[in-house]
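Read through the structure below, which is laid out as structure tokens, and then see the notes.
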Amino acid sequence: MLYIDSIAKGIVIDHISPGHGFRIFQYLKLEKSDYTVALIINAPSKKKGKKDVIKIEKHTDLDLRIIGIIDPNVTINIIRNEKIVEKIQLSPPEKVEGVIQCKNPRCVTSSEKNAIQTFSLLDKEELSYKCDYCDTIYNWEA
């Protein structure tokens with residue numbers, strides 16, 4: 001049995017769908033961290049059978065909103081003094097900036113280097129977003 005210690009202060013990203021943990025790890029750029037991070041893949045889960053979990057020690061100021069696009073069913077646990085002080089249920093964000101890239105070659109964001117690619121949520125269930133500049137629809141691949 002693998003045992004990962006509890007953390008005194010930090011963030012636990014829990015209930016990640018199996019296989020999405022590494023993707024979240026990459027989007028948060030946790031490989032560049034100078035603090036302890038544990039990525040647990042295929043951990044046993046009473047609800048889902050299996051899940052991924054990310055534990056981030058001491059660091060609590062990450063922008064976690066993007067996780068709602070990758071896996072809207074995760075739970076974010078804020079830890080202080082080895083206790084959960086806050087649980088955050090995520091949902092897909094209404095607006096996304098600088099995460100999704102527009103596929104339309106005629107979109108202004110394709111030719112203007114300083115244009116920030118901004119998308120608005122169209123359908124929460126299908127995780128579809130629309131480019132705010134050219135209206136191209138983007139379906140997030142789970």
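Note on Asn114 and Asn42: the extension gain reaches 22.0 nm, defined as 0.36 nm multiplied by sequence separation minus the Cα-Cα distance. Over the C-alpha atoms of the stretch 9-89, the Rg to Rh ratio, Rh being the Kirkwood estimate, stands at 0.93.
Net length available on complete extension from Asp5 to Gln101 is 30.8 nm, with 0.36 nm assigned per residue and the Cα-Cα distance removed.
Within the straight-line cut-off of under 29 Å between alpha carbons, the lysines reachable from Lys55 are Lys9, Lys29, Lys32, Lys46, Lys47, Lys83, Lys87, Lys95, Lys124, sequence neighbours fewer than 8 places apart in one chain being disregarded. Set against the labelled values (1) 15.3, 45; (2) 16.8, 53; (3) 14.2, 42, Rg and Dmax of the Cα atoms in Å computed from this structure falls on (2). Taken one residue at a time, the phi angles of the stretch 91-96 give Karplus couplings (6.51, -1.76, 1.60, θ = phi - 60°) of 9, x, x, 5, 10, 10 Hz. Gly and Pro are set to x.
Bear in mind that the values in this text are calculations on the coordinates, not laboratory data. Note that this is a predicted model, so its numbers are computed, not measured.
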